[in-house]
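Working notes for the structure below.
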Amino acid sequence: MSESLPAAAQTVSPPGKPADDVLRLSNLTVERGGRAVVRDVSIEIPAGQVTALLGPNGAGKSSLVLAVGGVLGLKAGSVQLAGNELRGRRPERIRRAGVAIVPEGRRLLTELTVEDNLRVATYSLDRAEAQHGRAWALELFPELSRRLSAVGRTLSGGEQQMLVLAQALVSRPRYLLIDELSLGLAPVVVSRLVPTIRSIAEAGIGVLLIEQFATVALGLAGQAYVMEGGRLRFSGPASELRDKPELLRSAYLLRGAQASVDPPQGDGTATAGQDAGTGPAPT
């Protein structure tokens, strides 16, 4: 089906969460296969704002997100939400505390319908919470309302990305960590999703956005971080990287980062390797 999608809903109900919270990642170290892939990384994600996390393939961005979400263990460091320690909690408890992650790769249940995918995502909520969360997610993505009976594998790439975002949002989280929003999507779909991410932040949710196209991420973010080789190479206002792209290329250490700095071109269906260089698979 066509990837030409209508604009996002204009009215978004706020999640009713405190606006002064910060999700604080302090000195995080993550190991995979006995090797440190994230080394002493500290990031602050304020409520109601988009924070960009950029970097070349293999920088450790995805491992960082999975560790914050409890999927991977932390070797060292602290994850605190409003002063409460989340390190060591199981993924479902971290989600319940208010932190939802959207891993890379659009991980939905492809043999279930859109409705069932949303229902699975609300399993830990009471009936009222589930109803309110579902209504808000479908308000953000009205396209899914017309596809509730469709099986996941029949959805377009854009609809699948909307569905995994909706699955994370039904719990009405205080923080949302999105790994590779635009990967494999046509530019028209990315343009559809960008204002929705802005609306989510405006509703009070803190968003950490990992994005292969720096132009997209920096256009949304107030604060930006750049990782390379598992370490932070830059931390500062997103405007600084927008105004001085040579800083971004320097932080990437020129490891095939030029394509990642540029916005999507052509039909937008290139793979991550084609778009962001030929380095190792994202971690």
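The values are calculated or read from the model by the stated rules, or taken from the named source; none is laboratory data. Since the structure is predicted, the reported quantities are computational estimates derived from the model, not experimental observations. We place every Cβ from the backbone using ideal geometry, glycine too, and count neighbours over all the protein chains shown.
In the set 52, 59, 82, only one residue is modelled with pLDDT of 95 or more and either of a type in the set (Gly, Ala, Ser) or not assigned by TED's automatic domain parsing to the domain that holds residue 214 (or both); that residue is 52.
When 167, 131 are checked against the criterion of being within 19 Å of the chain's Cα centre (by Cα) and either without any contact (Cβ under 8 Å) to a residue 24 or more places away in the chain or not assigned by TED's automatic domain parsing to the domain that holds residue 64 (or both), a single residue qualifies: 167.
Please go through region 187-202 and give me each residue that is touching a residue at least 24 places away in the same chain (Cβ under 8 Å) and more than 21 Å from residue 65 (Cβ to Cβ), ordered by number. Scanning region 187-202 gives 187, 188, 189, 192, 195, 199, 202. Restricting 194, 188 to residues that are under 21 Å from residue 208 (Cα atoms) and surrounded by fewer than 23 Cβ atoms within 10 Å (Cβ to Cβ) narrows the list to 194.
Only residues that are at pLDDT below 95 and surrounded by fewer than 19 Cβ atoms within 10 Å (Cβ to Cβ) were counted in region 18-30, giving 4.
Within region 31-67, being assigned to a strand (DSSP E or B) and surrounded by fewer than 21 Cβ atoms within 10 Å (Cβ to Cβ) holds for 31, 32, 35, 36, 39, 40, 42, 43, 44, 46. Restricting region 147-166 to residues that are out of contact with any Lys or Arg (no Cβ under 9 Å at 6 or more places or on another chain) and not small (Gly, Ala, Ser) leaves a set whose member that is surrounded by the most Cβ atoms within 10 Å (Cβ to Cβ) is 165.
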